[in-house]
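Peer 1: Got a structure here, written out as structure tokens. Questions coming.
Please treat every number below as a calculation from the coordinates, not as lab data. No experiment lies behind these values; they were computed from the predicted model shown. Glycine also receives a Cβ, built like all others from the backbone with ideal geometry; neighbour counts cover every protein chain displayed.
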Amino acid sequence: MPELPEVETVRRGLAPVLEGQRLTRVLQRRPDLRFPFPDKFVERLTGRQVMSVDRRAKYLLVRLDDGQVLIGHLGMSGHVTIFEKDDVLPEPGAHDHVVFETDAGATVIFTDPRRFGFMDLARPGELDSHKMLAKLGPEPLSNAFNGPALAAALKGRNTPIKAALLDQRVVAGLGNIYVAEALFRSGISPRRKARTVQGGRAVRLAGRIRDVLLEAIEAGGSSLRDHRQTSGELGYFQHNFAVYGRAGDACPGCDCDLAKTGGIKQIVQSGRSTFYCAQRQR
DNA sequence: CTTTGGGCCTGGACGC
DNA sequence: TGCGTCCAGGCCCAAA
């Protein structure tokens, strides 16, 4: 489940392969992913030069020389595989949905078994008003995101802080995993009312969100260097989570009696699993 | 306005 | 072994 760090890792893998290159061939192997591909998707991409590969929240933004922007989302199971000029290409898999070739001879294959991902092509000037991007909150690694800004976004919100942090209008790019990890590091219970996360709590939470994302990006970057041909998901797999997926375990640094507390709790909030330590998160 | 819940999609884990 | 069931979850949308 690619969240911001995994998407950033993919971006870093793609940037040197695509930037400055021309897309000589684009293969679209089915009519839709989560949504239908836009009209004339292949025609509008073929021959274009890539100016930059950027990221906004969990979206990849491939800016083209004619002002169009290719928007990509990995969904749950999406990933990208990069092949250099002389690499041997595998037979196409059932879930390899889009293939890009550059004039430098690189091939980029987008694979997504569950098809929760999508691709769209914004026309020049229409990126900011795109339905998926228009309402996004601040980038958590930007200067716009800090304690006071987070406190303001949470003010008056009656939902649990867990649900509020998953709302991409509050902060853009967090998913179920990093919300759990950031709340653990902050000592804040996922069940706490969002509106009560103010002042010092909000400052601490904003800081821990930054920390955990930066650490995960760093882990993804190191794995990327080790596995030149693939990007995405690796950071996720190699990262050690303190609470996510660890129901019943003692949390790191915990000195309380596991037999008494039962360790890390797993509950369901708005239909999703939440993991936390009831002793250290209040 | 806010909040909640359904639906999309497939592979893997699990139970019988 | 083989089948059925459930779960994972990002995001939009409809409904309350």
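Peer 1: Return the Rg/Rh value of the range A:147-276, two decimal places, where both radii are evaluated on C-alpha atoms and Rh is the Kirkwood radius. Mind showing how you got there, number by number?
Peer 2: On the way: Rg = 15.5 Å, Rh = 15.6 Å.
Here Rg/Rh amounts to 1.00.
Peer 1: What whole-number value in cubic angstrom gives the convex hull volume per residue for the C-alpha atoms of the range A:132-180?
Peer 2: Numbers: hull volume 4.0 nm³, N = 49.
Per-residue hull volume (Cα only) is 82 Å³.
Peer 1: Along the charge dipole of chain A, pointing to its positive end and built from +1/-1 on Cβ of Lys, Arg, Asp and Glu, which listed residue (A:N143, A:A278, A:L64) has its Cα farthest out?
Peer 2: Comparing the listed Cα positions along the dipole, A:A278 ranks first.
Peer 1: Once the other residues with Cβ under 13 Å from the Cβ of A:M51 are scored (Lys, Arg +1; Asp, Glu -1), what is the net sum? Working shown, then result.
Peer 2: On the way: positive: A:R22, A:R48, A:R63; negative: A:E19, A:D54, A:D65, A:D66.
Residues near A:M51 contribute -1 overall.
Peer 1: Relative to the compact-globule scaling 2.2 N^0.38 Å, provide the ratio for the alpha-carbon radius of gyration of the range A:96-135. Kindly include the intermediate steps, with their values, before the conclusion.
Peer 2: Numbers: Rg = 13.6 Å, N = 40, 2.2 N^0.38 = 8.9 Å.
That works out to 1.53 for the range A:96-135.
Peer 1: For chain A, find the longest principal axis of its Cα atoms and tell me its angle to the long axis of helix A:176-186, 0 to 90°, nearest 10.
Peer 2: Approximately 40 degrees, to the nearest ten.
Peer 1: Quick check: from the Cα gyration tensor, does the range A:4-122 come out rounded (a/c under 1.5), prolate or oblate? Walk me through the numbers on the way to the answer.
Peer 2: On the way: a/c = 1.17, a/b = 1.08, b/c = 1.08.
Verdict is rounded for the range A:4-122.
Peer 1: Restricting to DSSP H runs of at least four residues, report the calculated mean residue ellipticity at 222 nm for chain A, -39500 (n - 2.57) per run over all residues, nearest 500 deg cm²/dmol. Mind dumping the intermediate values first?
Peer 2: On the way: 8 runs with 82 residues, N = 282.
Helix-only estimate at 222 nm: -8500 deg cm²/dmol.
Peer 1: With +1 assigned to the C-beta of every Lys and Arg and -1 to the C-beta of every Asp and Glu, and no other charges, what is the dipole magnitude of the range A:6-98 about the Cα centre in debye, to the nearest 20?
Peer 2: On the way: 15 positive and 14 negative charges, 61 e Å.
Charge dipole of the range A:6-98: 300 debye, to the nearest 20.
Peer 1: Put +1 on the Cβ of each Lys and Arg and -1 on the Cβ of each Asp and Glu in the range A:4-122; which of A:L89, A:P38, A:T24 then has its Cα farthest toward the positive end of the dipole?
Peer 2: A:P38
Peer 1: A further question on this structure: Between A:V171, A:T159, A:G187, whose Cα lies farthest towards the positive end of the dipole of the range A:142-196 when Lys and Arg beta carbons carry +1 and Asp and Glu beta carbons carry -1, centred on the Cα centre?
Peer 2: Working it through, the farthest residue towards the positive pole turns out to be A:T159.
Peer 1: Using packing as a proxy for protection, rank A:196-204, A:121-129 so that the peptide with the highest average count of other Cβ atoms within 10 Å comes first.
Peer 2: Numbers: A:196-204: 17.1, A:121-129: 13.4.
The densest-packed peptide leads the list: A:196-204, A:121-129.
Peer 1: Could you give the angle, 0 to 90 degrees to the nearest 10, between helix A:199-226's Cα long axis and the longest principal axis of the Cα atoms of chain A?
Peer 2: Helix A:199-226 sits roughly 40 degrees off the main axis of chain A.
Peer 1: Given Cα pairs under 8 Å that are at least 6 residues apart, what percent is the relative contact order of the range A:1-90?
Peer 2: Details: 108 pairs, mean separation 27.4, N = 90.
Taking the mean separation of contacting Cα pairs over the length of the range A:1-90, I get 30 percent.
Peer 1: Can you give me the long-range amide H partners of A:H97? Hydrogens built in the peptide plane at 1.01 Å from N, cutoff under 5 Å, separation of 5 or more residues or another chain.
Peer 2: HN-HN under 5 Å from A:H97: A:F110, A:T111, A:D112.
Peer 1: Let me ask something else about it. If you look for lysine pairs in chain A that are eight or more places apart or on different chains, how many of them have Cα atoms under 30 Å apart?
Peer 2: For chain A, the number of qualifying lysine pairs is 24.
Peer 1: Oh, and also: At each listed q (0.11 Å⁻¹), what is the log10 of I(q)/I(0) that the Debye formula gives for chain A modelled as equal alpha-carbon point scatterers?
Peer 2: Here the Debye-derived log intensity ratios amount to -0.68.
Peer 1: Within the P(r) computed for the range A:151-207, what percentage of the Cα pairs occupies the region above 17 Å?
Peer 2: Details: 363 of 1596 pairs.
The proportion of pairs with Cα distances above 17 Å equals 23 percent.
Peer 1: Follow-up. Roughly how many debye, to the nearest 20, is the charge dipole of chain A about its Cα centre, given +1 on each Lys and Arg Cβ, -1 on each Asp and Glu Cβ, and no other charges? If you can, show how the numbers build up before the last one.
Peer 2: Values: 41 positive and 32 negative charges, 352 e Å.
Using Cβ point charges on Lys, Arg, Asp and Glu, chain A gives about 1680 debye.
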